[in-house]
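The values are calculated or read from the model by the stated rules, or taken from the named source; none is laboratory data. Quick caveat: nothing in here was measured; it's all calculated off a predicted structure. Here the Cβ is made from the backbone with ideal geometry for all residues, glycine too, and neighbour counts use every protein chain on show.
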Amino acid sequence: MTTPDTSDVNPSEENAIPETKSGARLPLETMDPHLQDIQPGGGVIIHLELAWGYIRRFYLKIFRRSYIEKMKELRKGDSNPCPFEVLDPRDLKVYQNQKGWHWDKKDDPFTWRDNLPFVRVGLAELIVFSAITFGPAIFLTCYLLNSSITGIWNIVLWLAAITLYVFGILIAWFFRNPNRVIPEGEGVVVSPADGKVVLIEEIEHDDFIDGPAVLIGIFLSIFNVHINRTPISAKIIGLRYKAGKYLNALRPESAKENEQVAIRLEGNRAPYRRMVVKQITGAIARRIVTIIKPGDELEKGESVGMIKLGARTELILPKAEGLKIIAEIGQKVQAGSSILAEYQAEK
């Protein structure tokens with residue numbers, strides 16, 4: 001039995017663990033100051049998105065003034081969470097985990113994007129990578145079909161086109177957002193990630209859970225869906241960010257040394273069990289996306305974000321009477337639909 005460091009991801013006084021007894025309701029923590037947007041690791045694509053936003057807002061102010069006024073009337077909240085002008089809900093995408101202005105779903109003309117077969121926070125990557133794979137592939141295909149080139153160069157160019165098509169399909173496959181059937185039951189704990197269970201171990205004491213716990217580690221390959229989901233219906237108590245390395249997510253030390261976000265949550269219903277979901281980067285995956293904030297209440301299986309291009313997700317849950325671990329080492333699981341554990345006394 002081991003006792004890894006499971007909670008103190010960002011040791012700071014303002015994010016100190018509340019001193020509460022096990023079973024007591026927890027107060028919300030202040031937002032980790034390192035989480036100033038949904039993707040703390042930054043990246044080229046997110047900067048391209050922000051740059052495109054300036055162009056889009058310029059267009060709206062010139063040609064869609066009535067639309068801007070309508071959106072302003074429907075807007076809720078009392079402060080701008082963004083470092084730029086906010087004209088409609090699209091401007092909040094990168095800053096949706098910050099408190100401030102927002103629109104109700106019924107007033108948001110872009111909620112249809114949540115129903116696409118691809119994850120919304122990955123649409124920019126999908127567009128960019130599709131352009132640099134399918135674009136040249138289609139060009140090469142048209143060129144080869146209308147040219148008289150033969151011999152080795154004909155073979156090489158066809159192989160290049162096929163390779164680009166394959167990479168484009170793999171990228172589209174990676175950012176897919178399939179519908180999931182969420183198991184019912186108050187004591188049911190579902191997987192927070194797709195992938196393979198690589199670790200199940202007991203923890204003598206977890207500070208956030210305030211007692212003994214069980215840690216379940218899941219490895220996500222580049223072929224898995226990378227959306228992370230809540231294991232139970234819960235309120236988000238706090239988020240902890242830790243900068244770090246990008247070790248292979250199959251290595252146990254990656255859970256301690258890699259960049260990560262710890263999502264600390266509390267069940268919405270008695271006995272208000274506390275759990276931690278960790279989003280951990282890997283050797284290829286270097287972008288964590290966390291779209292929730294302290295105070296958000298989510299249903300079981302609801303999305304909290306994603307890890308882009310392969311990584312590791314860990315679930316820490318309290319070891320209590322009636323807990324039955326259903327997951328097994330080597331088992332392949334799906335976020336939101338695979339049952340990892342059950343608290344049988346709650347049935």
Task: Options I237, I284, I209: the member that is assigned to a loop (DSSP other than H, G, I, E, B) and either touching a Pro at 6+ places or on another chain (Cβ under 6 Å) or closer than 20 Å to S191 by Cα (or both) - done: I209
- [ ] Determine whether S254 is of a type outside the set (A, V, I, L, M) and under 22 Å from I182 (Cβ atoms).
- [x] no
Task: Test result for D108, loosely packed, with under 13 Cβ neighbours inside 10 Å and touching a helix residue (DSSP H, G or I) at 6+ places or on another chain (Cβ under 7 Å) - done: no
TODO: Please state which one of T150, T133, T163 is modelled with pLDDT under 90, among the β-branched types (V, I, T) and either farther than 25 Å from G43 by Cα or outside any loop (DSSP other than H, G, I, E, B) (or both).
DONE: T150
Open item on the list: Among the residues of region 98-152, what is the count of those that are among the hydroxyl-bearing types (S, T, Y) and either within 23 Å of N80 (Cα to Cα) or under 20 Å from the mean Cα position of the chain (by Cα) (or both)?
Closed with: 1
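Residue by residue, here is whether (1) out of contact with any Leu (no Cβ under 6 Å at 6 or more places or on another chain); (2) closer than 21 Å to M31 by Cβ holds:
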{"site": "Y54", "(1), (2)": "yes, no"}
{"site": "Y59", "(1), (2)": "yes, no"}
{"site": "E69", "(1), (2)": "yes, no"}
{"site": "K72", "(1), (2)": "yes, no"}
{"site": "N80", "(1), (2)": "yes, yes"}
{"site": "L87", "(1), (2)": "no, no"}
{"site": "Q96", "(1), (2)": "yes, yes"}
{"site": "T111", "(1), (2)": "yes, no"}
- [ ] Among the candidates F219, F208, F223, single out the residue that is among the hydrophobic types (A, V, I, L, M, F, W, C) and surrounded by fewer than 16 Cβ atoms within 10 Å (Cβ to Cβ).
- [x] F223
Open item on the list: Can you find, within region 173-185, the residue that is nearest to N115 (Cα to Cα) among those that are touching a helix residue (DSSP H, G or I) at 6+ places or on another chain (Cβ under 9 Å) and buried (at least 17 other Cβ atoms within 10 Å of the Cβ)?
Closed with: N177
- [ ] Determine whether region 223-233 contains at least one residue that is modelled with pLDDT of 95 or more and either of a type in the set (D, E) or out of contact with any strand residue (DSSP E or B) (no Cβ under 9 Å at 6 or more places or on another chain) (or both).
- [x] no
